[in-house]
1. Once the Cβ-Cβ distance between Lys80 and Val156 is put in as r, and R0 is 22 Å, what FRET efficiency do you end up with, to the nearest 0.05?
2. So, counting K/R as plus one and D/E as minus one, what does the shell of residues with Cβ under 11 Å around His92 add up to?
3. With each pseudo-label sitting 7 Å past Cα toward Cβ, what's the His73-Ile146 distance in nm, one decimal?
4. Please give the length that would be gained between Glu6 and Ser46 if that part of the chain were fully extended, namely 0.36 nm times their separation in residues minus their C-alpha to C-alpha distance (nm, one decimal).
5. How big is D, in µm² s⁻¹, for the range 97-163 by Stokes-Einstein at 4 °C and 1.567 mPa s if Rh is the Kirkwood radius over C-alpha pairs?
6. Three principal axis extents, largest first, for the C-alpha atoms of the chain, in Å?
7. Taking springs between alpha-carbon atoms closer than 10 angstrom, which of Phe87, Phe78, Phe20 fluctuates most in the Gaussian network model of the chain?
8. So in the chain, what percent of DSSP beta bridges are antiparallel if you round to the nearest 5?
Amino acid sequence: MEYTFEPMAQEHRREVIDIFNHYIEKSFAAYPGRPVDYAVYDHFLSLSRSYPALAVKSGDGKTVGFAFLHPYHPADSFRKTAMATYFIHPGHTGRGIGTKILNILLKKAHECGIEQVLVNVSSLNPGSIGFHLKNGFRECGRFEDIGAKAGKAFSVVWMQRRL
C-alpha cells in the first residue's frame, strides 16, 4: 500500500484523535487514563506550532498515523531540543511507516536548527523502546514507577538522539 505524508491540518482531527484514543485504551503507549476529546487536537497543533507536524495518509485517503515535534521546554536555552510524538494506526504498523515518518521528522528537525530530539516511552512499551534504539536513540534516563494506568505502575524511559 502507498502512503503519503502531509502537514497536519484540521481535516485530520477525528482520525488522529481516534488513533491516539486507541493507544490510550489498549496500551501504555499513550499516557492518559481515559480517551480524550477531539478538542485535544487543537492542543497538538498548538504544541507543534513552528515545528514539523505530519499526517500519514493511506492509498484510500484515510489518515493512518501522525507525528509532530514540539518544544522540550519553553526556555529559549532549550530551543535546539525538541520532543517527538507519533502514533500509527494499529492496522498499519509493521510496514515501515514509523521509520519513514521518524526520518522525515528528523530531517525537518535538522532543517529547523534542532540538534537533539527526545522521546519518553512507558517502560511497559518495549516495542517502542526497541524501535527507538534501532533508530539511533539511546536511553539516557528513567523515572522509576512515576506513572500508573489500568492498575499497573510504570516507569518513564527517556531517550535521546543527536542530529
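1. 0.45
2. Result for the neighbourhood of His92: +3.
3. In this crude label model, His73 to Ile146 measures out at 1.3 nm.
4. Result for the pair: 12.7 nm of gain on full extension.
5. Answer, rounded: 101 µm²/s.
6. 42, 40, 30
7. Phe78
8. Bridges in the chain that DSSP calls antiparallel: roughly 90 percent.
Since every read-out is calculated from the coordinates, none of them should be taken as a lab result. Predicted model, so just to flag it, every value in this text is computed and none were measured. Backbone-built Cβ (ideal geometry, glycine too); neighbour counts: all protein chains shown.
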